[in-house]
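Heads up: the structure comes next, in structure tokens.
The values are calculated or read from the model by the stated rules, or taken from the named source; none is laboratory data. The shown structure was predicted, so the numbers you read here are calculated from the model rather than taken from an experiment. Every residue, glycine as well, gets a Cβ built from its backbone with ideal geometry; the counts of neighbours run over all protein chains shown. These accessible areas exclude ligands, DNA and RNA; they are computed on the full protein's heavy atoms, side chains included. Shrake-Rupley method; radii C 1.70, N 1.55, O 1.52, S 1.80 Å.
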Amino acid sequence: MPQLSGPVWVNRFPTSTSVSDLSAGFAASVNNFIAALEAGGASVSIAATLRPPQRAHLMHYAWKVGRESMDPATVPAMAGVDIDWVHRNRRGQADLTASRSAALGMVGLYGIVYAPALASRHTEGRAIDMTISNYVNHTVTDGGRSAVRITSAAALHTVGASFGVIKLVSDPPHWSDDGH
């Protein structure tokens with residue numbers, strides 16, 4: 001029996017925070033970039049790597065129902081995700097306000113800032129969300145084995161690109177193999 005949408009779904013199908021769950025080539029690039037950063041004195045905190053497709057489905061449709069007013073009755077089913085997006089009132093009629101409220105609660109608990117895609121670099125294992133701190137005025141070895149003094153975020157992004165880890169500037173923690 002389907003379970004109503006809401007906070008109970010947010011901890012299901014967790015996103016990985018392990019670099020080893022990324023696609024092989026990208027994982028090697030990320031590991032080399034992080035090793036160079038840490039050797040240079042920077043700190044790295046990983047928030048997300050591989051996102052299961054079930055989680056992407058939940059995030060995508062929570063956003064659609066909650067923020068874009070999609071009719072919850074039209075959300076397509078996904079195998080293994082037995083969710084009911086349609087909340088009902090005491091008479092058994094669809095309650096759009098309750099449905100949207102539950103979806104918005106999920107959006108908030110997921111911490112979604114941008115409309116999530118069903119398929120993305122995260123679901124492909126080609127993206128990482130990480131926060132890099134304590135890097136300004138530190139010297140790191142880039143992917144070409146040159147010592148680079150990092151004086152700005154732009155310089156950090158250039159060093160990342162030298163390893164094949166490319167910054168999506170519009171999304172603060174997001175790096176990928178192609179900048180998307």
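Taking Leu168, Leu104 and ordering them by how much accessible surface each has at a 1.4 Å probe, largest first, produces Leu104, Leu168. Heavy-atom surface analysis with a 1.4 Å probe gives the chain a carbon and sulfur content of 53 percent of its accessible area.
The relative contact order of the stretch 54-108, computed from alpha carbon pairs under 8 Å that lie at least 6 residues apart in sequence, is 45 percent. Relative to the longest principal axis of the Cα atoms of the chain, the long axis of helix 153-162 makes an angle of roughly 80 degrees.
If you average the alpha carbon positions of the stretch 106-180 and of the stretch 10-56, how far apart do those two centres end up, in angstrom? Using only Cα atoms to place each centre, the spacing works out to 10 Å. Each pair of Cα atoms in the stretch 44-149 enters the Kirkwood radius, and Stokes-Einstein at 20 °C and 1.002 mPa s then converts it into a translational diffusion coefficient of 131 µm²/s.
Which of (i) 2.36; (ii) 1.04; (iii) 1.24 is the computed Cα Rg over 2.2 N^0.38 Å for the structure on display? Of the labelled values, this structure produces (iii). Among Ser162, Ser170, Ser120, the sequence by solvent-accessible area, most first, with a 1.4 Å probe is Ser170, Ser162, Ser120.
A crude spin-label estimate for the pair Ala77 and Ser20, with each label 7 Å from Cα along the Cβ direction, gives 3.7 nm. Under the convention that each Lys and Arg Cβ holds +1 and each Asp and Glu Cβ holds -1, the size of the dipole of the chain around its Cα centre is about 360 debye.
Using C-alpha pairs under 8 Å with a sequence gap of at least 6, the mean separation divided by the residue count of the chain gives a relative contact order of 29 percent.
Against the longest alpha carbon principal axis of the chain, how many degrees, from 0 to 90 and to the nearest 10, is the axis of helix 96-110 turned? Compared with the principal axis, the helix lies near 20 degrees. Heavy atoms of the protein chains alone define the surface here; on that basis the stretch 27-151 has 50 Å² accessible area per residue at 1.4 Å probe size. Sorting the Cα pairs of the stretch 5-49 by distance into bins of 10 Å, from 0 upward, gives 25, 40, 21, 13, 2 percent per bin.
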